[in-house]
Amino acid sequence: MTQAISVNEKSGNGLLKVAAGGAVTGLLTPLLPPLIDKINGSPGDFRIALVAIPFAILVLFLVRRLGPNPRWAALTAAVVTLIAFVCAVNVAIWADGQAAGADKVVRNILAGLAGGFTGASIMALGICLLPAAPRDAVAWLPMLATGTIAGALLALDNALDLDLTSFLYPVWQAGVAVGLAMAFRWTKLT
């Protein structure tokens with residue numbers, strides 16, 4: 001592998017590159033809704049999925065580079081990422097509605113935890129079915145834990161009334177990308 005993202009390095013530089021890629025996609029994510037809202041006639045869930053395209057592209061590259069997966073598997077992982085993003089947003093909205101009587105901060109934390117867990121879980125379940133993906137549930141635990149805990153940053157974003165910036169997306173996407181890379185590394189070690 002020449003300039004490709006590689007997590008086989010002993011120093012951990014590969015994981016730092018993956019985290020940096022996730023942070024960059026996370027910085028791009030909140031910038032997309034104003035552009036996507038200009039698309040008339042498309043359903044809401046489709047527009048939500050379009051917001052996840054930068055992270056889905058990163059996942060596509062990671063799945064292709066981290067294991068001997070065919071191109072269709074990497075593309076499938078990207079589609080799973082889009083689906084996971086839509087489901088995470090919808091679960092966060094549902095969880096917020098279920099905690100309607102609670103304080104706004106508590107509702108945001110619960111919604112973030114539920115959405116973060118949902119997004120990471122759907123990604124793990126969808127990607128683990130790919131040909132060269134890890135099948136061991138333990139390999140996916142860092143990704144699930146990071147995704148769930150980072151989801152709570154939704155409360156910080158809402159408390160600061162952030163619109164075109166976010167703490168949630170860069171941290172969540174960097175953490176989940178590193179968790180994905182670690183899951184593939186786990187497979188190579190076992």
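Among 156-169, 62-75, 35-48, 83-96, the peptide with the highest mean count of other Cβ atoms within 10 Å heads the list, and the full ranking is 83-96, 62-75, 156-169, 35-48. Estimated from helices alone, the mean residue ellipticity of the chain at 222 nm is -24000 deg cm²/dmol (sum of -39500 (n - 2.57) over DSSP H runs with n ≥ 4, per residue).
Within the chain, helices built from complete DSSP H runs that reach 30 Å or longer along their own axis (Cα positions) and carry a mean Kyte-Doolittle hydropathy of -0.5 or higher are 71-98, 104-127, 168-189. Using a probe radius of 1.4 angstrom, the carbon and sulfur fraction of the accessible surface of segment 13-100 is 72%. The mean accessible area for residues of the chain, using a 1.4 Å probe and ignoring ligands and nucleic acids, is 51 Å² per residue.
The structure shown yields Kirkwood radius over Cα pairs in Å, and of the options (1) 17.3; (2) 16.7; (3) 20.3 that calculated value carries the label (2).
Against the globular-protein guess of 2.2 N^0.38 Å, express the Cα radius of gyration of segment 46-123 as a ratio, rounded to two decimals. Don't jump to the answer; show the numbers that get you there.
On the way: Rg = 14.8 Å, N = 78, 2.2 N^0.38 = 11.5 Å.
Output field value: 1.29.
Hand me the trypsin sites (Lys or Arg not before Pro) from segment 100-172 located in a DSSP loop with no more than 13 other Cβ atoms within 10 Å, in residue order please. Within segment 100-172, the qualifying trypsin sites (Lys or Arg not before Pro) (loop, at most 13 other Cβ atoms within 10 Å) are R135.
The values are calculated or read from the model by the stated rules, or taken from the named source; none is laboratory data. Nothing here was measured: the structure is a model prediction, and the numbers come from that model. Ideal geometry is used to build each Cβ from the backbone, glycine not excepted, and the neighbour counts take in all protein chains shown. Surface accessibility is based on the protein's heavy atoms, side chains included, excluding ligands, DNA and RNA. Shrake-Rupley method; radii C 1.70, N 1.55, O 1.52, S 1.80 Å.
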